[in-house]
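Enquirer: First the structure, then my questions, so here it is.
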Amino acid sequence: MTATAPYGLNTVPIQRADFEYLYNEVRNTEGRSLTDGQVMLLPDIDALHPQYREWQYRKRSSQRLINYLTQKHKALNILEIGCGNGWLSYKMAQIPGTKVTGLDINNEEIAQAKRVFKKENLHCIYNDFTPGLFGAEKFDIILCAASVSYFPSLTNLVQQALSCLGADGEFHIMDTHFYKTDEVSPAKKRMQDYYDAMGYPEMSAHYHHYTLADMAGFNYSILVNPQNMMNRFIKAEPFYWIRIKN
């Protein structure tokens, strides 16, 4: 997902356009594309929606995040990488004193975010997360929620995010699976079979499986661990929440 477009422009290299097309086709097939009215209410969604259970997980995780950020009791400059339709960026923008930038390479979702969520302290941008994109601007919080798996190198992503943080800044990874080493190959096979059956086999090349070992060398803390005793027993939280500092 290499961008050649300057900050804020919509010039799209071929490889990115291909990913956008595949991603949107898969989302439509899965029933994940939502109307403006549905997006406006997220993370609340009709109980009959096919992804209702998943949105219940994300509702809890987003509330934990909002509580965490609110308890800092200071103005925050926040960047969400892979913001999609912008619902979580909008939630964070409701925290007093925040400035929020949502970034995504999906033009359809960014356009929807701009239609649905209008707030002076929220700015949604169609572009890749590339070195120098924001110039000298530094962020207090950078967030990837359910988007890390679409980056071909977790190490590069973390290093770049850390370089964009100000003093005491934090990079958060949420709503994300981290696999045990022996789980990666079977997970890749399941993903390939899933996309093959759907008719979009090329999509599997854009989805990456990471382990906690990929975090080696970084100063990280696990804030929510789906592998702890309670979560393994009642399956309350299937996703990790990881905080990384310089």
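Enquirer: From (1) closer than 19 Å to TYR23 by Cβ; (2) of a type outside the set (S, T, N, Q); (3) in contact (Cβ under 8 Å) with a residue 24 or more places away in the chain, pick out the condition that doesn't hold for PRO201.
Expert: (3)
Enquirer: Scan the strands (runs of 3 or more DSSP E) fully inside segment 111-212 and keep the ones with 2 or more residues being over 30 Å from ALA75 (Cβ atoms) and under 17 Å from the mean Cα position of the chain (by Cα). Walk me through how you get there before you give the answer.
Expert: On the way: elements: 122-126, 139-145, 165-176.
Result: empty, no element qualifies.
Enquirer: How many residues are touching a Leu at 6+ places or on another chain (Cβ under 8 Å) and either aliphatic (A, V, I, L, M) or assigned to a loop (DSSP other than H, G, I, E, B) (or both) if we restrict to segment 46-59?
Expert: Number satisfying all stated conditions: 0.
Enquirer: Pull out all pairs, ordered by first then second residue, where Cβ-Cβ is under 7 Å, the residues are six or more apart or on different chains, the first lies in segment 69-88 and is closer than 20 Å to GLN160 by Cβ, and the second is surrounded by fewer than 24 Cβ atoms within 10 Å (Cβ to Cβ) and among the acidic types (Asp, Glu).
Expert: LEU76/ASP140; ASN77/ASP140; ILE78/ASP140
Enquirer: For segment 83-105, which residues satisfy the criterion of being assigned to a loop (DSSP other than H, G, I, E, B) and buried (at least 21 other Cβ atoms within 10 Å of the Cβ)? Give the steps one after another, and end with the answer.
Expert: Initially, segment 83-105 is screened for residues assigned to a loop (DSSP other than H, G, I, E, B), giving 83-86, 94-97, 105.
Those that are assigned to a loop (DSSP other than H, G, I, E, B) and buried (at least 21 other Cβ atoms within 10 Å of the Cβ): CYS83, GLY84, ASN85, GLY86, ILE105.
Enquirer: Pairs under 6 Å by beta carbon, first residue surrounded by fewer than 20 Cβ atoms within 10 Å (Cβ to Cβ) in segment 123-147, partner in a strand (DSSP E or B) and of a type in the set (D, E, K, R), six or more apart or different chains?
Expert: The qualifying pairs are ALA146/ASP175.
Enquirer: So if I check each of TYR195, TYR210, which one is crowded, with 16+ Cβ neighbours inside 10 Å, farther than 29 Å from GLY132 by Cα and in contact with a helix residue (DSSP H, G or I) (Cβ under 6 Å, 6 or more places away or on another chain)?
Expert: Numbers: TYR210 fails: farther than 29 Å from GLY132 by Cα.
The conditions single out TYR195.
Enquirer: Considering only residues that are over 21 Å from VAL224 (Cα atoms) and either surrounded by 17 or more Cβ atoms within 10 Å (Cβ to Cβ) or of a type in the set (A, V, I, L, M, F, W, C) (or both), which ones fall in segment 151-183?
Expert: Residues of segment 151-183 over 21 Å from VAL224 (Cα atoms): 151-153, 156, 159-160, 163-167, 182.
Listed by number, the residues that qualify are PHE151, GLN160, CYS164, LEU165, ALA167.
Rule-based calculations on the coordinates, nothing more; no lab input. Quantities reported herein were computed from a predicted structural model and do not represent experimental measurements. For neighbour counting, all protein chains shown are included, and Cβ atoms are generated from backbone atoms with ideal geometry for every residue, glycine included.
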